[in-house]
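The values are calculated or read from the model by the stated rules, or taken from the named source; none is laboratory data. Keep in mind that this is a model prediction, so the values were computed, not measured. All Cβ positions, even for glycine, are placed from backbone atoms using ideal geometry, and neighbour counts span all protein chains on display.
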Amino acid sequence: MYIINSTKLFISGLFRVETRKPYFYSTLTILSKTNIRMSNSSEFLIRRVDNITKSEEDKRLYRGLELINGMKILLVSDPLTDKSAAAMDVNVGFLSDPKDVKGLAHFCEHMLFLGTEKYPNENDYNKFLQEHGGSSNAATYMDHTTYYFDIVPKHLKNALDRFAQFFIAPLFTESATEREINAVNSEHDKNIPSDVWRNNQLDMHLCDPSHPYNTFGTGNSYTLNTGLKEKNIDVRDELLKFHEQWYSSNIMCLAVLGKESLDELENMVIELFQSVKNKEIQAPRWDEHPYRQDQMRSIVYVTPVKDIRNLNIVFPCEDFTEYYKSAPAAYVSHLIGHEGPGSILSALKSRGWSNHLAAGVRNRLRGFGFFDITVDLTEEGMKHVYDIVKLIFQYLNMLKLQKPQKWIQDENKDIGRMIFRFQDKETPRAYISSLANNLQYYHLTDILSSHYMLNEWRPDLVEKVWDNMIPENIRITVTARANESICTEEEPWYTTKYKKEVIPESALEEWKQAGTSPEFRLPDKNEFIPNNFSLYPLDEITDHPVIIQDTPLTRVWFKQDDEFLLPKANIMFDFVSPMAYFDPLNCNLLHMFVQLFRDSLNEYVYSAELAGLKWDLINTKYGLILGIGGYNDKQHILLEKIMDKLTNFQIDAKRLYILKENYIRNLKNFAAEQPYQHAVYYLTVLLTEHSWTKEELLASTDQITIDRLEAFIPQMLSKMHIECLIHGNANKERALQMVQIVENALTNSLSMSPLLPRQLLLNRELKLEDGCHYLYEKHNGVHKSSCIEVYYQCGLQSKENNIKLELFCQLIQEPCFNVLRTKEQLGYIIFSGVRKSNGVQGLRIIVQSDKHPVYLDSRIEAFLSSMLTYIKEMNEKEFLRHREALACQRLEKPKQLSALSSQFWSEITSQQYHFAREESEVAYLRTLNKDDIIQLFNDLLEQGAQKRKKLSVHIVSTADGGAGVITDEKEENDIQFQSNNTPSVINDITVFKSSHEMYPLVQPYIDITRKGNKCKL
């Protein structure tokens, strides 16, 4: 795998939910006066740019602006959008924190959400978005901070008004400041057991102590509170100074997408953002690398939390951002990270030393960067760390000997142009947030095309990249549990145990003399790059998939795309077999078959994936799902290869041993996942008809042998039913040809027999009895945080039940966050929403916290009780706003072909086939009133309600300093309250499930014959 950015491997910033990729940097070019058109808003403009390069398939309109206050703005007019969005990127991040106030930039990001002079209520911004179908988020990175939101289009201006105040007049109230520190601390606690966060922080810890990179960007209660008080520093004063110093319009970039015309959007943003102050500052830049030359040639051994084994090789590099038109670092990444024949990964796998490799520039900041090569290590690979490094230098020597090859750049150029031309739309929020950051770095005319259009060939720059990759510049990190006995030093913020050593001169000399190896060569030309981009003529267009073939073996659903009109298609095959989940051993055998199969095909399919032809094979409770997507031109070639391999599969004993050991470690590593993930998992185990636990799967792994696997594979493949969907650029003939490839491979190689309808029934959901309250408790010794998931079961899914519960969740979502997180500061992770599984649904509330779950249960109950009054007192206009917000969310159209395919596939695999669900349920939604929701609450959710069904899952921390002990008097009082409402404790999952009936399955929405047939093929 090669990566141009760091998000696939590394978290280079701090975030609430998600991170966006760091983009390259270059100065904006002032275009000539011929590009400037005058309008009523021109008095606030330096320039206006309309000649932005865009894809010929892109129907949106674009305009770039620079205001007199220095703010750069990109406007996107899309009259067809059903969501508007905006994002602001401020070109300062946590590397600019004061040395004495670590985490201040991140804390500032949190605080901007909690009130401004114009809108002083702490939750006004989020409340407004929630009532109008919107959402928001923000992320703090090392060198920039991004804020973004989306909303129903007609409310864009009002949302932008609230948003603009973040950068004009935030309040930073004392009460919110004190409380929000708890949220930051909780966020940090969540990250402490994460090996990714730990290794990133260790990297910063070990660099030059005088460099800004040597910091702790998240912050916690010590750096933002107690530690400051010891120094007589007031954190609110520091916040005000930080915002005053850095939040300057001339280092801000705004991107806005709306239905309005470009002129209307221009007037809107100028009116709202021209008053942001220009403090005439320069965005910080760091031309000195954080690792001095005397800190190179080192190896660091790290003890991880999870049982993982990774080798990370790092070379310092400069900032190549300004050369984005030739992307020299991407050229090198492409070759080092290649996975085809003659690659580094191919050599490592043949020796049994590694399974995965990724290469690319990480943390490309203004002035410096890191070129990383990361591989996982097998047990044998742990013995050959220096040998792996030698192989990498041999490959680099081969590249240097071959010199930069223009045909490789041309091939990547063709792929980039193809992707740019036929680029899938992103959701408005994701699209706009990435563009806002692009504005910091690229020429306005290239703002859309900068990642795709390789218009220059600079072999000198390619050589400059790899010439720096020499033994004298290397830094190595080995992360493995085997290091525990030697790791005696400790990083202060995450307490990561490590040991740093100087690499022996003998090893450095051996790498200098490594020479080349005949097993390494440049990649073959990519034969999977599409040649044909034509669209099939539209024929018999339907609104949703229809069955075009139904036999004992296969049922085929087909939908020709008439919406996205791209040369792409998605093909899904659901291979259903009752053997797949018969017992834990069969589940394990199927998993191992999938891993071995994917592994064996990797070299062949890597070029296809580079050329935009995607594939995946996963195991499920019901069998296998094979998916092929992307450009349709050569999908049949890939499918033929997959089916040939599937039906003639030969097990590699060496690879089985390696992948089995990896699987066992992954099962054990589940113990180190976040507490909320444990809560979600155990609730599923409790409620699903058939569910093998991690422990049961682990206990049967010793039975995974070649003999068993060789017997299992043909047995499973010979008795199955296949349901498939072909959606996209295809006609019926093409669709049936693809299905025929699968049928021929199976029937020619195996003695097939069909399944009976009863063998195709889905799992059902356990039915809780009226008035119950169950509690299931598990301990977690890894995380300091505890977690609770409270689930109120609300019955079978139906149009009426679905919409009433969704509307209730819409009404309480913002108050839930505001009360439990912002006001009561129970934790960083707070979630409320609908849980749907196996045709049954209910309300779930999740809180991960430093408080005990019993206390959290009481606070959730108190919050839920208050919602009855909240809804009753809600005025009619506010209720209707929420109702319409939900309607808009439900009716929002998928932005990509793959998203629409997923909607269709979900209906097919759930066997409900309600392809017009959104329109039907929204029509019913618009008939509901407050009384309907109050009735739902009174019947199913109110304490003491006869039909209330409650199940709580408590994940209790037993880690040192964790949330497993009650210490607070208020907690004690609430626990006393809970003792008067004692739940029934579940001690044995099997006994619990055996004492309950199951809900029936939801019947198909359309009149359809059940799958399966008694007749022979």
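Before moving on, here are some points about what is shown:
- Screening Val305, Val361 for residues that are surrounded by fewer than 23 Cβ atoms within 10 Å (Cβ to Cβ) and closer than 30 Å to Glu489 by Cβ leaves exactly one candidate, Val305.
Conditions tested, residue by residue: (1) of a type outside the set (D, E, K, R); (2) part of a strand (DSSP E or B); (3) outside the structural domain of Gln903 (by TED's automatic domain parsing); (4) over 25 Å from Leu553 (Cα atoms).
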position: Phe575; (1), (2), (3), (4): yes, yes, yes, no
position: Tyr581; (1), (2), (3), (4): yes, no, yes, no
position: Leu589; (1), (2), (3), (4): yes, no, yes, no
position: Arg598; (1), (2), (3), (4): no, no, yes, no
position: Asn602; (1), (2), (3), (4): yes, no, yes, yes
position: Glu609; (1), (2), (3), (4): no, no, yes, yes
position: Leu617; (1), (2), (3), (4): yes, yes, yes, no
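- Entirely in the stretch 73-159, the strands (runs of 3 or more DSSP E) that have 3 or more residues that are among the aromatic types (Phe, Trp, Tyr) and within 28 Å of Glu878 (Cβ to Cβ): 145-151
- Neighbours by Cβ (under 6 Å, 6+ apart or cross-chain): first from the stretch 400-414, not assigned by TED's automatic domain parsing to the domain that holds Ile470 and β-branched (Val, Ile, Thr); second in a helix (DSSP H, G or I) and modelled with pLDDT under 95: none
- Residues located in the stretch 59-72, provided they are more than 21 Å from Pro428 (Cα to Cα) and in a strand (DSSP E or B): Glu66, Leu67
- Any hit, the stretch 321-329, residues being modelled with pLDDT of 95 or more and closer than 30 Å to Trp353 by Cα: yes
- Sole residue being farther than 26 Å from Asn91 by Cβ, outside the structural domain of Lys895 (by TED's automatic domain parsing) and of a type in the set (A, V, I, L, M), chosen from Ala436, Ala359: Ala359
- Residue selected from the stretch 832-879 under the condition part of a helix (DSSP H, G or I) and among the basic types (Lys, Arg), by the criterion nearest to the chain's Cα centre (by Cα): Arg859
- For the stretch 661-672, the criterion of being surrounded by fewer than 21 Cβ atoms within 10 Å (Cβ to Cβ), β-branched (Val, Ile, Thr) and more than 30 Å from Lys767 (Cα to Cα) is satisfied by at least one residue.
- Filter pass, Phe904 being over 24 Å from Tyr681 (Cα atoms), assigned to a helix (DSSP H, G or I), touching a Pro at 6+ places or on another chain (Cβ under 6 Å) and at pLDDT 95 or above: yes
- Residues located in the stretch 558-574, provided they are of a type outside the set (A, V, I, L, M, F, W, C) and under 21 Å from Lys59 (Cα atoms): Asp561, Asp562, Glu563, Pro567, Lys568
- Any hit, the stretch 521-537, residues being closer than 29 Å to Arg917 by Cβ and not hydrophobic (A, V, I, L, M, F, W, C): yes
- Within the stretch 495-507, the presence of a residue that is of a type outside the set (D, E, K, R), touching an Asp or Glu at 6+ places or on another chain (Cβ under 7 Å) and part of a helix (DSSP H, G or I) is excluded.
- Within the stretch 544-573, the set of residues being at pLDDT 95 or above and in a loop (DSSP other than H, G, I, E, B) comprises His544, Pro545, Asp561, Asp562, Glu563, Phe564, Leu565, Leu566, Pro567.
- Hey, Val92 surrounded by fewer than 23 Cβ atoms within 10 Å (Cβ to Cβ), out of contact with any Ser or Thr (no Cβ under 6 Å at 6 or more places or on another chain) and not assigned by TED's automatic domain parsing to the domain that holds Lys823 or not: no
- Answer from Arg458, Arg475 - the residue that is surrounded by 20 or more Cβ atoms within 10 Å (Cβ to Cβ), assigned by TED's automatic domain parsing to the domain that holds Ser326 and among the basic types (Lys, Arg): Arg475
- Take the conditions (1) farther than 30 Å from Lys190 by Cβ; (2) of a type outside the set (Lys, Arg); (3) surrounded by 17 or more Cβ atoms within 10 Å (Cβ to Cβ); Tyr924 misses just one of them, which is (3).
- Members of the stretch 284-317 that are touching a Ser or Thr at 6+ places or on another chain (Cβ under 8 Å) and either free of Cβ contacts under 8 Å to residues at least 60 places away in the same chain or among the basic types (Lys, Arg) (or both): Arg309
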